[in-house]
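What follows is a set of notes on a single structure, which appears directly below.
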Amino acid sequence: MNRKLRLLVVEDEAAISSGLRDVFVYHGYDVCCVADGGRGLEEALTGTYDLVLLDVMLPTLDGYTILERIRATDREQPVIMLTAKSGDDETIHGLALGADDYVAKPFSVAQLVLRVQAVLRRSRVGAEQDRTLRLGDAVAIDTANLSGTRGDEELTFTRREMAILEYLAAHGDRPVPRDELLNKVWGYARDADIETRTVDIHVAKLRRKIEPEPSEPRFLVTVRGAGYRLLTETE
Ligand code: CA
């Protein structure tokens, strides 16, 4: 289940603000509208928004100053500037301060929705790469969504299975002993009297999902006497 994307609209013209709210709510976003510049900055810095739509001429604090202050603490926050001015100088000023895009009023709402979607796609590319675990050419695992694919096949994982994969992936340079997995993934003390077979059972289940040939694992391999190791490339 995907969460709703959160949009902050900092705009003092009530008609534009409410129009934007209607359109983006219709497109499935959570929208927060603020009319005052100072409050807009505070909201941008303290809230968690996927994107900020920022007017330039605002009461108490202008859009450029807000953008500068946002960038001082968060270089990744996606921001699109909205302005009445369409001159090249204004565009360059906004982009130089770190706006992701720039839309001149009067704008077409359909255009703006497309721009917002494009900026969000770009900003999420990095984040999505971080959470994708690839094994060879065929297996891609979405660690955040407990899902993945092996060729055409859809995979689903339990939280525990994903925790094992992530732990092994993070320590890919060495084999991880079973008691270390019990300690780190299950939270058992190292000397706890718990069957290391628990680990083996989970590993067997994982192999049936990620390995083309579970009886001859190429990714989740056993290192005799040392534990398990996750290889992201097969030799
Ligand atoms: Ca304004």
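The values are calculated or read from the model by the stated rules, or taken from the named source; none is laboratory data. It should be emphasised that the depicted structure is a prediction, and the values quoted were computed from it without experimental measurement. Cβ atoms come from the backbone with ideal geometry, glycine included; neighbour counts cover every protein chain shown. Areas reflect the complete protein model, heavy atoms only, side chains present, ligands, DNA and RNA absent. Shrake-Rupley method; radii C 1.70, N 1.55, O 1.52, S 1.80 Å.
Structure summary
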{"read-out": "Gain in span if fully extended, Lys184 to Thr149, counting 0.36 nm per residue against the direct Cα distance", "value": "10.0 nm"}
{"read-out": "For the chain, accessible area per residue (1.4 Å probe, heavy atoms of protein chains only), Å²", "value": "56"}
{"read-out": "Whole-Å semi-axes of the ellipsoid equivalent to the range 6-127 (Cα gyration tensor, √5λ, descending)", "value": "18, 17, 16"}
{"read-out": "Environment charge of Arg229, counting only residues whose C-beta is closer than 10 Å and scoring Lys/Arg +1, Asp/Glu -1", "value": "0"}
{"read-out": "Selection from Val52, Tyr64, Ser18 lying farthest towards where the dipole of the range 6-127 points positive, charges on Cβ", "value": "Val52"}
{"read-out": "Helix-only CD estimate at 222 nm, as mean residue ellipticity for the chain, using -39500 (n - 2.57) per DSSP H run (n ≥ 4)", "value": "-12500 deg cm²/dmol"}
{"read-out": "Computed magnitude of the charge dipole of the range 6-127 (debye, nearest 20; Cβ of K, R +1, Cβ of D, E -1)", "value": "420"}
{"read-out": "Crossing angle, helix 37-46 versus the chain [Cα axis fit, 0-90 degrees, rounded to tens]", "value": "0"}
{"read-out": "Helix 14-26 vs. the chain, principal-axis angle (Cα, 0 to 90°, nearest 10)", "value": "30"}
{"read-out": "Helix axis angle, 159-170 relative to the chain longest principal axis, alpha carbon, degrees", "value": "90"}
{"read-out": "Where labels lie 7 Å past Cα in the beta-carbon direction, separation of Ala35 and Lys4 in nm", "value": "2.2"}
{"read-out": "Projected label distance in nm at Lys105 and Tyr26, using a 7 Å step from Cα toward the beta-carbon", "value": "2.0"}
{"read-out": "Set of the range 144-184 residues, backbone N closer than 16 Å to the point 7 Å along the Cα-Cβ line of Ala226", "value": "168-181"}
{"read-out": "Full-extension gain in nm, Thr65 to Ala84, via 0.36 nm per residue minus C-alpha separation", "value": "5.2 nm"}
{"read-out": "Full-extension gain in nm, Ala169 to Ala72, via 0.36 nm per residue minus C-alpha separation", "value": "31.6 nm"}
{"read-out": "Net charge dipole size for the chain [Lys, Arg +1 and Asp, Glu -1 on Cβ; Debye, nearest 20]", "value": "740"}
{"read-out": "Protein accessible area in the chain, 1.4 Å probe - carbon and sulfur %", "value": "48"}
{"read-out": "Translational diffusion of the chain, µm² s⁻¹ [Kirkwood Rh, Cα pairs; Stokes-Einstein; 25 °C; 0.890 mPa s]", "value": "117"}
{"read-out": "Pairs of lysines in the chain (C-alpha under 27 Å apart; 8 or more residues apart or interchain)", "value": "4"}
